[in-house]
Amino acid sequence: MNIGIVGAGVIGADIAYVATGLAAKTGGKVLLVDVGQEQLGAAMGRIRGYVTKAVKKGKLSEGAAAKALAAITTTLNLSDLSQCDAVFEAASENVEVKQSIYAQLEKIVRDDCLILTTTSSIPWAVLTKKVLRHQRFFVWHPFTPAWRSLPVELVGHHVNWQRAYDLTVALGKVPIATADVPCFAADQIFTIYCLACAWLVERGVATVAQVNAIADKYIGGSGAFNVLNITAGNKIIRFCADMMREKYGDYWTAPPVLLQQGSQPWDLSGDKSCNEETERTIHDQLMAAIIGRAVWLVDNNVISATDLDWLCKNALGFKFGLVAQFNQDPNEIRTICAIYAQENPGFTVPESIVEAMSIDFFSNVKVEINDDGIVVVTIFRPEAMNALNRLTMVELDYAFRGLETDEKVRGIILTGYNGAIAGADINELAALTDPKQGTVMAISGQGIFNYIESLGKPVIAVVNGPCLGGGCELVMACHDRVVGKNAIIGQPEVNLGIIPGYGGTQRLPRLVGFAKALELLRTGKTINAGVAKEIGWARDLGSGDPMDSAKRFIAAHLKDPDPEIHATNPNPMGVSDGTPIVDIGHHSQAIDAILVDVVRRGLALPLAEGLKLEADGFGHCFGTQDMRIGLTNFMANGPKVPAVFMNS
């Protein structure tokens with residue numbers, strides 16, 4: 001794939017760096033265009049810095065680094081973009097300049113070339129007024145730093161929506177759909193946040209340093225003024241405020257202090273403490289502003305609650321999702337919003353807050369109901385490879401219980417964002433202090449997975465990325481599994497000094513056989529999609545798109561129920577007297593002994609009783625020294641550095 005970038009500033013250089021991986025993988029190239037060699041040289045220096053840092057951290061090999069840099073060509077000529085599959089415009093936040101670039105590009109690029117513009121505030125409809133082919137233009141709003149930050153707000157025409165979405169995912173980003181409104185979703189929140197902070201200073205409630213400290217204490221993200229300093233963002237916030245005022249009214253007028261500040265950084269020095277009453281005032285005013293606008297965005301279908309809360313945490317750095325915060329105490333939020341509206345004429349209190357009516361949504365799970373009665377349940381924690389933390393587990397339980405009783409639902413597909421489902425949350429595991437807590441955690445997770453397994457509607461898992469640990473156990477609790485070419489399957493718990501606790505020791509042998517299961521469980525080795533099909537872990541439905549294959553499979557199964565569906569056999573399983581010889585390498589002998597005992601004794605029992613044994617064995621691990629060694633090592637060094645176990 002050939003990718004062009006117009007504009008070699010910070011954003012343009014960051015996109016070029018991100019695009020090198022995709023270009024190298026597909027045999028394409030990245031063409032970076034600007035009006036001067038100085039700008040292009042600075043951009044290449046920035047990109048080389050990223051590559052060097054990635055090599056030092058072990059994230060890129062020397063060979064991959066060389067390929068990444070070799071994929072980039074710099075040029076002064078827009079005409080060199082003629083064979084690009086996609087072009088990113090990152091030159092300016094000026095409508096006229098952007099439209100001039102679009103006009104030139106439309107004369108140069110192929111008819112099927114996507115054109116994506118990196119604006120944080122200007123609506124798609126405004127930008128594309130003069131273009132010839134609206135359907136190929138998209139707003140593509142990344143967040144600072146664009147080379148690393150995952151979220152991208154995506155706005156554009158439905159005709160090429162899937163192509164733009166897939167391109168964004170291929171670049172390692174998470175596309176978030178918003179309506180075509182000024183400042184889209186995230187920057188509406190950030191703008192109102194900055195304005196509320198500035199008005200507190202303007203009105204003498206507190207100093208810049210005090211407001212910023214309280215904002216960071218309760219909301220996070222290092223405080224609005226500090227973010228403006230880091231990003232040199234005063235100008236863009238004034239620009240956003242003007243756009244919002246033009247569309248939504250005078251409430252959005254920038255306070256004089258923001259205008260007087262110009263491009264100078266805010267002074268965050270001095271005493272940051274303030275009395276309790278002032279702190280409460282700052283807290284209430286900021287929370288009313290940002291939560292009020294967040295709920296307005298959801299009430300007015302600008303963005304879904306799930307996506308907005310994820311953006312707030314992963315694009316703006318907030319400590320919590322704003323809609324979830326509203327749901328915790330709708331009456332309290334109604335009270336502070338009413339007071340804020342009285343003091344700030346023109347502030348709109350949305351209907352859900354006026355009615356103190358909580359918004360029904362999941363934070364980490366998306367449920368998409370199709371007309372054919374087949375539902376797709378997607379675990380959505382892309383920043384953590386969709387790891388199964390406690391909230392995600394609870395939401396999965398609620399989701400599946402609702403789907404079981406919904407008569408419109410005929411079948412369910414379970415997957416993770418971009419096909420991945422990681423294991424349990426490492427921080428939550430590390431917080432467990434004794435065997436009893438470990439056992440309770442295992443029993444709780446097993447109960448949720450057992451419910452999914454017992455559903456009277458077919459549940460098919462789709463895996464097309466890493467599926468590890470608890471994620472693998474969740475997928476094995478489904479009635480069947482479909483894998484894509486990117487699937488990586490494994491039970492790596494022994495690397496952490498623990499055993500599987502959500503059913504892995506009992507379901508894996510029942511699916512792939514005693515010997516193969518023990519090999520995978522004791523070594524923590526992963527397998528690819530081909531091996532998963534070969535050993536019976538997944539169903540072989542060919543090499544097509546796994547999601548489409550799963551939908552067709554469910555539809556066929558509903559017409560003619562398949563007796564060969566690969567649900568786990570709950571009956572006891574006979575095993576050989578001896579234990580197959582397996583080289584466990586550096587892994588803990590103490591944990592291995594617990595693992596082998598749980599597998600052997602559990603398989604001699606019905607599945608339900610075997611799971612109880614597993615929960616006890618999982619808890620037993622938390623009484624060992626090796627569990628602490630394994631978890632501590634993983635949290636400090638990641639998965640690439642093996643733990644040095646004491647075998648005790």
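The values are calculated or read from the model by the stated rules, or taken from the named source; none is laboratory data. Source: prediction; values computed, not measured. A quick note on method: Cβ atoms are made from the backbone with ideal geometry, for glycine too, and the neighbour counts reach across all protein chains shown. Note: accessible area is taken over every heavy atom of the protein model, side chains too, but ligands, DNA and RNA are not part of it. Shrake-Rupley method; radii C 1.70, N 1.55, O 1.52, S 1.80 Å.
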Checklist outcome for this item: The relative contact order of the stretch 574-648, taking Cα pairs under 8 Å that sit 6 or more residues apart, comes to a percentage of 36 percent
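I need to check one value: relative contact order of the chain, counting alpha carbon pairs closer than 8 Å and at least 6 residues apart, in percent. Please report the intermediate quantities before stating the final value.
Numbers: 1196 pairs, mean separation 50.6, N = 648.
This gives 8 percent for the chain.
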Item to check | Fraction of beta bridges assigned by DSSP in the stretch 61-154 that are antiparallel (%, nearest 5) | outcome: 30 percent
Checklist entry - Helix-derived [θ] at 222 nm for the chain: sum -39500 (n - 2.57) over DSSP H runs of at least 4, divide by residue count, nearest 500? => result -15500 deg cm²/dmol
Checklist outcome for this item: With the dipole of the stretch 300-360 defined by +1 on each Lys or Arg Cβ and -1 on each Asp or Glu Cβ, the option from PHE318, THR335, VAL302 whose Cα lies farthest towards the positive pole is PHE318
Next on the checklist: Under 5 Å between amide hydrogens, which residues at least 5 positions from GLY501 or on another chain qualify, with H placed 1.01 Å from N in the peptide plane?
Outcome noted: none
Checklist entry - So for the pair GLU332, HIS157, with labels modelled 7 Å out along Cα→Cβ, what separation do we get in nm? => result 4.8 nm
Checklist entry - Which label belongs to the value computed from this structure, given these candidates for Cα Rg over 2.2 N^0.38 Å: [x] 1.04; [y] 1.12; [z] 1.32? => result [x]
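Which of the pairs LYS173/LYS313; LYS235/LYS319; LYS129/LYS173 have their Cα atoms more than 18 Å apart in this structure?
Correct reply: LYS235/LYS319; LYS129/LYS173.
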Checklist entry - Of the beta bridges DSSP finds with both residues in the chain, what % are antiparallel, to the nearest 5? => result 25 percent
Checklist entry - Where only protein heavy atoms count, and the probe is 1.4 Å, what is the accessible area per residue for the chain in Å²? => result 42 Å²
Checklist outcome for this item: The rounded separation in angstrom of the Cα centers of the stretch 230-305 and the stretch 562-623 is 56 Å
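Quick one: dipole size for the chain, taken about the Cα centre, charges +1 on Lys/Arg Cβ and -1 on Asp/Glu Cβ, in debye to the nearest 20.
Values: 56 positive and 68 negative charges, 335 e Å.
Dipole about the Cα centre, nearest 20: 1620 debye.
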Checklist entry - Just how far, in whole angstrom, is the stretch 1-58 from the stretch 527-543 if you go by their alpha carbon centroids? => result 37 Å
Item to check | Nonlocal amide H pairs with ALA424, under 5 Å, H built at 1.01 Å | outcome: LEU388, GLY470, GLY471
Checklist entry - What list of ³J(HN,Hα) values in whole Hz, one per residue of the stretch 148-155 in order, does the Karplus curve 6.51 cos²θ - 1.76 cosθ + 1.60 (θ = phi - 60°) give from phi, with Gly and Pro shown as x? => result 10, 5, 6, x, 9, 6, 10, 9
Item to check | Long-range amide H partners of THR74 with built H, under 5 Å | outcome: LEU32
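Give the carbon-plus-sulfur fraction of the accessible surface of the chain in %, rounded to a whole number; probe 1.4 Å, heavy atoms of protein chains only. Can you show the working numbers first?
Details: 14160 of 27100 Å².
Of all accessible area on the chain, carbon and sulfur atoms account for 52 percent.
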Checklist entry - Any idea of CYS183's accessible area? Nearest 10 Å², probe 1.4 Å. => result 0 Å²
